[in-house]
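Asker: Mind having a look at this structure? Questions to follow.
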Amino acid sequence: MKHVVTITTGNQPRAGGGCGECQNSCQSACKTSCTVGNQACEKK
Amino acid sequence: MTLSALAPQVHSFAVNGRGYALDVNSGALHALDEAAFSLLQREEIRRALASGSAAPPVPLTPAEQEAWAELTLLVRQGTLYSPLAALPDAPTAPPALKALCLHVAHDCNLRCAYCFAGEGGFGGERGLMSAEVGRRALDFLIERSGRRRRLAVDFFGGEPLLNFGAVKELIAYARRRGGEAGKEFAFTLTTNGVALRGEALEYLASSDLNVVLSLDGRPEVHDRWRRRPRGEGSHAAVLANCRDFVARRGGTNYYVRGTFTRQNLDFSADVAYLLAAGFRSLSLEPVVASEGEWALAEEDLPRLFDEYDRLAGLYLAEHRAGRPFTFYHFNLALFDAPCLARRLSGCGAGHEYLAVTPSGDLYPCHQFVGRERFRMGNVLSGDLNEELMAQFRSANVLTKPACRECWARFHCSGGCQANHHLFTGSLEEPYALGCALQRKRIECALAVQAELALDQARAQAG
């Protein structure tokens, strides 16, 4: 494509998600806001 | 309310002169040239794309025609205006705790004017957590963690190093009990750095704890608020202690975490200062305050947006110069992102994550501590307000009307409920200024991650 470059096609929700093993979003370095998009999936 | 009712949505935005489009439901991200970006700014074009129209609704220039054809292809491929797959409404994991914030010291050796913790006391009596209360809290976490294997404990305050003996004892206890129960603990300790010397420095530097160091940046910025009880600034000592700690640690597993206020809207200069001081793992957060000369106001937003753009530029420039650094809010996981259940469930406060005070009282999170209406129970008595817990569990991005419509819904997941309550009196109604900053941070995070991915692709191709 000439006008658009796709960086990622996204990750439509995986079946069987919600194992809960990922870190809480407010824990490591903010304590005053909340961003979930930066929590990597821990499901191996 | 079903997920499929969340309409297809595209957010197009520009950071430092480059346009991008985020397909909200799929999470697909595209970099755009000027023709494609300007097309997506036009309402009639967006409507036509969303409706799946093959022909443009208005006459286009040749370049726009080409861009239109590419955009319609993305729609057909499901990476633009994609519907959301039908899935269950609610988070899927069974109710279980996974993290506690232990307020091991409701006391502090600083008196920071902007502190949301009431300078350490959270509006109540100053005091330290006994090891007995801490052990009971850890037992409580293990017992209520269900099948979750990975548990987390934050040592917080006040200043947790004022109760360093208890911290060490509780880490040893958690490891022993965790080993018996098949649980793996991760620990974080947040310190203002004043007492980060001697035995505490030795212990933390040789541990695997994630350590969060509170340092605001330039001396005059830090010392404006972060003063000792008698009024002297703390910058020089804190900077020296933090540098010593990070050097001893070999630069791993820490964050220097500062606060910016209305008095340093040019906070990218503080990021630059911290980089020059040798720190490479940074987080700078907007102050949480509804009043005071430090409180941010809506009229500050244009300036703050410019600062985030500047920070994004600095972030890329440092990466490209071979001096990468981490900025907490730019760590967006584009390629290994959390599942939808996680994105819906928000921060977990009040049901997956609780805070414990020195007397063993439980609150939904560290920021709710001292707001009496939100006291949820006590680890010594064992009582727990299950109803309030259920209320927090059900307050997710789908139950907040403003969040349901917002393009950032799957990245911020409904935002900070403590902030919402502080500013709006409601858990369901978001704090507008915080949302505006969050959206800008997410735009910048998407942009820098996109640019780094493009750099990598070019390097591989070249």
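Asker: Filter segment B:165-214 for residues that are hydroxyl-bearing (Ser, Thr, Tyr), more than 14 Å from chain A (Cβ to nearest Cβ) and within 23 Å of residue B:239 (Cα to Cα) and give the result.
Answerer: Across segment B:165-214, the qualifying residues are B:203, B:206, B:207.
Asker: Could I ask something else about it? If you go through segment B:49-77 one residue at a time, how many are among the charged types (D, E, K, R) and at the interface with another protein chain (Cβ under 8 Å from one of its Cβ atoms)? If you could, list the steps in order and put the result at the bottom.
Answerer: Taking segment B:49-77 as the starting set, the residues that turn out to be among the charged types (D, E, K, R) are B:64, B:66, B:70, B:76.
Then drop every residue that is not at the interface with another protein chain (Cβ under 8 Å from one of its Cβ atoms), which leaves B:66, B:70.
The number of residues fulfilling the criteria is 2.
Asker: Which is aliphatic (A, V, I, L, M) and open to solvent by 20 Å² or more (accessible area, probe 1.4 Å), of B:380, B:362, B:388?
Answerer: Values: B:362 fails: open to solvent by 20 Å² or more (accessible area, probe 1.4 Å); B:388 fails: open to solvent by 20 Å² or more (accessible area, probe 1.4 Å).
When all the criteria are applied, what remains is B:380.
Asker: Another question about this same structure. Would you call residue B:199 within 30 Å of residue B:141 (Cα to Cα), open to solvent by 50 Å² or more (accessible area, probe 1.4 Å) and either out of contact with any Lys or Arg (no Cβ under 8 Å at 6 or more places or on another chain) or of a type in the set (Lys, Arg) (or both)?
Answerer: yes
Asker: In segment B:409-437, how many are hydrophobic (A, V, I, L, M, F, W, C) and touching a Cys at 6+ places or on another chain (Cβ under 8 Å)?
Answerer: Narrowing segment B:409-437 to residues hydrophobic (A, V, I, L, M, F, W, C): B:410, B:412, B:416, B:418, B:422-423, B:427, B:432-433, B:435-437.
Cutting the leftovers down to touching a Cys at 6+ places or on another chain (Cβ under 8 Å) gives us B:412, B:416, B:418, B:435.
Count: 4.
Asker: Same structure again: Could you go through segment B:374-385 and let me know if any residue there is within 26 Å of residue B:287 (Cβ to Cβ), modelled with pLDDT of 90 or more and of a type in the set (S, T, N, Q). Talk me through it step by step, then tell me what you get.
Answerer: In the first step, residues of segment B:374-385 are kept if they are within 26 Å of residue B:287 (Cβ to Cβ); the result is B:374-375.
Now restrict to residues that are modelled with pLDDT of 90 or more: B:374-375.
Imposing the further condition that a residue be of a type in the set (S, T, N, Q) reduces the set to none.
No, segment B:374-385 contains no residue that is within 26 Å of residue B:287 (Cβ to Cβ), modelled with pLDDT of 90 or more and of a type in the set (S, T, N, Q).
Asker: What is the residue count in segment B:154-193 for residues that are part of a loop (DSSP other than H, G, I, E, B) and more than 23 Å from residue B:250 (Cβ to Cβ)? Write out each step before concluding.
Answerer: Initially, segment B:154-193 is screened for residues part of a loop (DSSP other than H, G, I, E, B), giving B:157-159, B:182-183, B:192-193.
Still in the list and also more than 23 Å from residue B:250 (Cβ to Cβ): B:157-159, B:182-183.
Selection size over segment B:154-193: 5.
Asker: Same structure, new question: Residue B:416 - would you say it is surrounded by fewer than 24 Cβ atoms within 10 Å (Cβ to Cβ) and within 11 Å of chain A (Cβ to nearest Cβ)?
Answerer: Working: surrounded by fewer than 24 Cβ atoms within 10 Å (Cβ to Cβ): no; within 11 Å of chain A (Cβ to nearest Cβ): yes.
So residue B:416 fails the test.
Asker: For segment B:439-462, name all the residues that are open to solvent by less than 10 Å² (accessible area, probe 1.4 Å) and either within 16 Å of residue B:284 (Cα to Cα) or more than 8 Å from every other protein chain (Cβ to nearest Cβ) (or both). Write out each step before concluding.
Answerer: Looking only at segment B:439-462, we keep the residues that are open to solvent by less than 10 Å² (accessible area, probe 1.4 Å), and these are B:441-442, B:444-448, B:450.
Matches in segment B:439-462: B:441, B:442, B:444, B:445, B:446, B:447, B:448.
Asker: Considering only residues of segment B:202-235 that are farther than 21 Å from residue B:266 by Cα and part of a helix (DSSP H, G or I), which is least open to solvent (accessible area, probe 1.4 Å)?
Answerer: Across segment B:202-235, the extreme among qualifying residues is B:204.
Asker: Could you please give the count of residues in segment B:368-413 that are within 28 Å of residue B:125 (Cα to Cα) and more than 14 Å from chain A (Cβ to nearest Cβ)? Let's see the steps before the verdict.
Answerer: If we filter segment B:368-413 for residues that are within 28 Å of residue B:125 (Cα to Cα), which is where we start, we get B:368-389, B:392.
Remaining after also requiring more than 14 Å from chain A (Cβ to nearest Cβ): B:370-389.
Counting residues in segment B:368-413 that are within 28 Å of residue B:125 (Cα to Cα) and more than 14 Å from chain A (Cβ to nearest Cβ) gives 20.
Asker: Within segment B:7-20, is there a residue that is at the interface with chain A (Cβ under 9 Å from one of its Cβ atoms) and hydrophobic (A, V, I, L, M, F, W, C)? Give the derivation first.
Answerer: First, the residues of segment B:7-20 that are at the interface with chain A (Cβ under 9 Å from one of its Cβ atoms): B:20.
With the extra rule that they be hydrophobic (A, V, I, L, M, F, W, C), the set shrinks to none.
Looking through segment B:7-20, none of the residues is at the interface with chain A (Cβ under 9 Å from one of its Cβ atoms) and hydrophobic (A, V, I, L, M, F, W, C).
Asker: Against the condition open to solvent by less than 10 Å² (accessible area, probe 1.4 Å) and of a type in the set (Ser, Thr, Tyr), how does residue B:353 come out, does it pass?
Answerer: Values: open to solvent by less than 10 Å² (accessible area, probe 1.4 Å): yes; of a type in the set (Ser, Thr, Tyr): yes.
It is true that residue B:353 is open to solvent by less than 10 Å² (accessible area, probe 1.4 Å) and of a type in the set (Ser, Thr, Tyr).
Asker: Look at residue B:46 and say whether it is within 12 Å of chain A (Cβ to nearest Cβ), modelled with pLDDT of 95 or more and surrounded by 15 or more Cβ atoms within 10 Å (Cβ to Cβ). Explain how you work it out, then say what you get.
Answerer: Numbers: within 12 Å of chain A (Cβ to nearest Cβ): no; modelled with pLDDT of 95 or more: yes; surrounded by 15 or more Cβ atoms within 10 Å (Cβ to Cβ): yes.
No: the conditions fail for residue B:46.
Asker: Would you mention how many residues in segment B:339-398 are hydroxyl-bearing (Ser, Thr, Tyr) and touching a Phe, Trp or Tyr at 6+ places or on another chain (Cβ under 8 Å)? Before the answer, list the steps.
Answerer: Taking segment B:339-398 and keeping what is hydroxyl-bearing (Ser, Thr, Tyr), we get B:345, B:353, B:357, B:359, B:363, B:381, B:394.
Subset that is touching a Phe, Trp or Tyr at 6+ places or on another chain (Cβ under 8 Å): B:357, B:363.
Of the residues in that region, 2 qualify.
Asker: Kindly establish whether residue B:395 is in contact with a Pro (Cβ under 8 Å, 6 or more places away or on another chain) and open to solvent by less than 50 Å² (accessible area, probe 1.4 Å).
Answerer: On the way: in contact with a Pro (Cβ under 8 Å, 6 or more places away or on another chain): no; open to solvent by less than 50 Å² (accessible area, probe 1.4 Å): yes.
Taking the combined requirement at face value, the residue does not satisfy it.
Asker: May I ask you to list pairs of residues, at least six apart or on different chains, whose Cβ atoms are under 7 Å apart, with the first in segment B:271-291 being at the interface with chain A (Cβ under 9 Å from one of its Cβ atoms) and over 22 Å from residue B:421 (Cα atoms) and the second being open to solvent by 20 Å² or more (accessible area, probe 1.4 Å) and not in a helix (DSSP H, G or I)?
Answerer: B:281/B:255; B:281/B:326; B:282/B:255; B:282/B:326; B:283/B:255; B:283/B:257
Asker: Could you pull out the residue among B:26, B:4 that is surrounded by fewer than 16 Cβ atoms within 10 Å (Cβ to Cβ), modelled with pLDDT under 95 and within 13 Å of another protein chain (Cβ to nearest Cβ)? Break it down stepwise before answering.
Answerer: Values: B:26 fails: surrounded by fewer than 16 Cβ atoms within 10 Å (Cβ to Cβ).
The conditions single out B:4.
Asker: If you don't mind, another one. I'd like the residue in segment B:356-410 that is among the β-branched types (Val, Ile, Thr) and within 19 Å of the chain's Cα centre (by Cα) and, out of all such residues, is nearest to residue B:154 (Cα to Cα). So that I can check it myself, show each step before the final result.
Answerer: Initially, segment B:356-410 is screened for residues among the β-branched types (Val, Ile, Thr), giving B:356-357, B:369, B:379, B:397, B:399.
Going one step further and asking which of them are within 19 Å of the chain's Cα centre (by Cα), we end up with B:369, B:397.
Working: B:369: 15, B:397: 25 Å.
Among residues in segment B:356-410 that are among the β-branched types (Val, Ile, Thr) and within 19 Å of the chain's Cα centre (by Cα), the one nearest to residue B:154 (Cα to Cα) is B:369.
Asker: Kindly evaluate residue B:80 against the criterion of being in contact (Cβ under 8 Å) with a residue 12 or more places away in the chain and away from every other protein chain (no Cβ under 13 Å).
Answerer: On the way: in contact (Cβ under 8 Å) with a residue 12 or more places away in the chain: yes; away from every other protein chain (no Cβ under 13 Å): no.
Considered against the rule, which asks whether it is in contact (Cβ under 8 Å) with a residue 12 or more places away in the chain and away from every other protein chain (no Cβ under 13 Å), residue B:80 comes out as no.
Asker: Restricting to segment B:53-78, and then to whatever is open to solvent by less than 50 Å² (accessible area, probe 1.4 Å) and not hydrophobic (A, V, I, L, M, F, W, C), can you tell me which residue is nearest to residue B:22 (Cα to Cα)?
Answerer: The selected residue is B:78.
Asker: Continuing with this model, one more query. Can we say residue B:36 is surrounded by 14 or more Cβ atoms within 10 Å (Cβ to Cβ), modelled with pLDDT of 95 or more and at the interface with chain A (Cβ under 9 Å from one of its Cβ atoms)?
Answerer: Details: surrounded by 14 or more Cβ atoms within 10 Å (Cβ to Cβ): yes; modelled with pLDDT of 95 or more: yes; at the interface with chain A (Cβ under 9 Å from one of its Cβ atoms): yes.
Spelling it out, residue B:36 is indeed surrounded by 14 or more Cβ atoms within 10 Å (Cβ to Cβ), modelled with pLDDT of 95 or more and at the interface with chain A (Cβ under 9 Å from one of its Cβ atoms).
Asker: Next question. Can you tell me which residues in segment B:320-355 are more than 7 Å from chain A (Cβ to nearest Cβ), within 16 Å of the chain's Cα centre (by Cα) and farther than 25 Å from residue B:427 by Cα?
Answerer: B:326, B:327, B:330
Asker: Additional query: Please identify the pairs in which a residue from segment B:91-120 that is assigned to a loop (DSSP other than H, G, I, E, B) has its Cβ atom under 6 Å from the Cβ atom of a residue that is of a type in the set (Phe, Trp, Tyr), counting only partners at least 6 apart or on another chain.
Answerer: B:104/B:155; B:112/B:225; B:113/B:225; B:114/B:225; B:114/B:294
Asker: Within the bounds of segment B:329-346, is there any residue that is at pLDDT 95 or above, open to solvent by 10 Å² or more (accessible area, probe 1.4 Å) and among the basic types (Lys, Arg)? Steps first, please.
Answerer: First, the residues of segment B:329-346 that are at pLDDT 95 or above: none.
No: zero hits.
The values are calculated or read from the model by the stated rules, or taken from the named source; none is laboratory data. Please read all numbers here as calculations on a predicted model, not as lab measurements. So basically every Cβ, Gly included, is an ideal-geometry build from the backbone, and we count neighbours across all protein chains shown. Areas reflect the complete protein model, heavy atoms only, side chains present, ligands, DNA and RNA absent. Shrake-Rupley method; radii C 1.70, N 1.55, O 1.52, S 1.80 Å.
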